[in-house]
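So the structure is just underneath, and the comments pick up after that.
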Amino acid sequence: MPAITVENLLVLPRIAAPAAGPGTDRPVQRVVTAQRHLEGAGFEVRRPFPGIGMYQADPFLLLDHMGPVRHEPHEAKGAPWHPHRGFETVTYMLDGEMVHHDSNGGGGRISDGATQWMTAGSGILHDEVPSEEIVANGGWFHGVQLWVNLPRSLKWTAPRYQEIDGGALRLLTSEDGGALVRVIAGELGGHAGPGSTYTPITYAHASVEPGARLRVPWQPDFTAMAYVLEGAGTAGAERRPVEAGQLAFFGPGGSALTVQAAPEAEQRGRGRTGKLEVLLLGGLPIKEPVARYGPFVMNTRQEIIQAAEDFEAGRMGTVPAVHLGDGGGAA
């Protein structure tokens, strides 16, 4: 897995574990197993939310886990042209390569630990497809797309992109050096990631060595989740078992999150790295009404109707002529 890493974790800044005490650790409220769905042109994702009470995930709307999968030549598929309005998509590629284009003429590649942060805001058309090399030759593909809601006051903000190279992530280690933590956005233990966010969040990817424990400080007013990408372990001080494709929701209160990797013997055959690969994520709840229909997320049903009408009328942009053959136009 080519997600950004270092040879010697002990050279990295350490996250000071919060002092232990009654009520310090956020309790695990529930563990959810992701449902499998087909997206885009027919690729499979594992989706732990939505499908649960949305207040638990607020300010997030959706998490899609793509792979890990090794594609044969001409097997890889993507998401042809489609619109978005009212939120942000955050695509983090651990392995393989994704190419994107948009109706404003933008585009780029996301690969090997890089992140693309697209603020759809008032509306944009874009596509997300595997690179020509992946399609022609096959290869490993592993990524995550997170949807971050925007508050009512920012639904109509102008679209923007942030291209975050893997080397720009804030790399940290746990107090005992048993985990590598990559901070994508927000801050963890006073260390800030490179992502610029409209909505206050923390988003990080941790690789925890077999048997090691990661205990990090967490904003008490943030929601809190841990999603397992690969491997197995436990969540919370109470050690609730979790494995790949499962998400632990932590309850309110407390200022620390804990995850622990299973011993080496239990990690065998559970992933390519032999470690517990886990996303830590949460944010300040927006606490506003959510009206959603496919790629549109607004506050009222009337705003959803307006979004559909604006898309049909071309007011979210049009597919550039050079890309009209890439997937048959918007969908």
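The values are calculated or read from the model by the stated rules, or taken from the named source; none is laboratory data. Remember, predicted model here, so these are calculated numbers, not experimental data. Neighbour counts are summed over all protein chains in view; Cβ atoms, including those assigned to glycine, are modelled from backbone coordinates with ideal geometry.
One table, with the values for the structure above:
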item	result
Criterion violated by Arg46 - all others in (1) under 27 Å from Val259 (Cβ atoms); (2) over 19 Å from the mean Cα position of the chain (by Cα) satisfied	(2)
Residue list for the range 226-247, restricted to those being in contact (Cβ under 8 Å) with a residue 60 or more places away in the chain, within 16 Å of Arg47 (Cβ to Cβ) and surrounded by fewer than 24 Cβ atoms within 10 Å (Cβ to Cβ)	Gly245, Gln246
Options Gly40, Gly86: the member that is among the small types (Gly, Ala, Ser) and closer than 24 Å to Val135 by Cβ	Gly40
Residue, nearest to the chain's Cα centre (by Cα), within the range 178-189, restricted to residues that are at pLDDT 95 or above and assigned to a loop (DSSP other than H, G, I, E, B)	Gly186
The range 114-145: number of residues that are buried (at least 17 other Cβ atoms within 10 Å of the Cβ) and either closer than 16 Å to Pro83 by Cα or out of contact with any strand residue (DSSP E or B) (no Cβ under 7 Å at 6 or more places or on another chain) (or both)	15
Enumeration of residues in the range 78-130 that are outside any strand (DSSP E or B) and under 22 Å from Thr318 (Cα atoms)	Gly78, Gly86, Ser103, Asn104, Gly105, Gly106, Ala120, Gly121, Ser122, Gly123
Tally, over the range 12-42, of residues that are in contact with a Pro (Cβ under 9 Å, 6 or more places away or on another chain) and of a type in the set (A, V, I, L, M, F, W, C)	7
Where a residue in the range 108-128 is closer than 25 Å to Arg182 by Cα and its partner, wherever it lies, is of a type in the set (Val, Ile, Thr) and surrounded by 23 or more Cβ atoms within 10 Å (Cβ to Cβ), with Cβ under 6 Å and at least six apart	Thr115/Ile184; Gln116/Ile110; Trp117/Val90
So Gly51, is it buried (at least 20 other Cβ atoms within 10 Å of the Cβ), at positive phi and either out of contact with any Ser or Thr (no Cβ under 6 Å at 6 or more places or on another chain) or outside any loop (DSSP other than H, G, I, E, B) (or both)	no
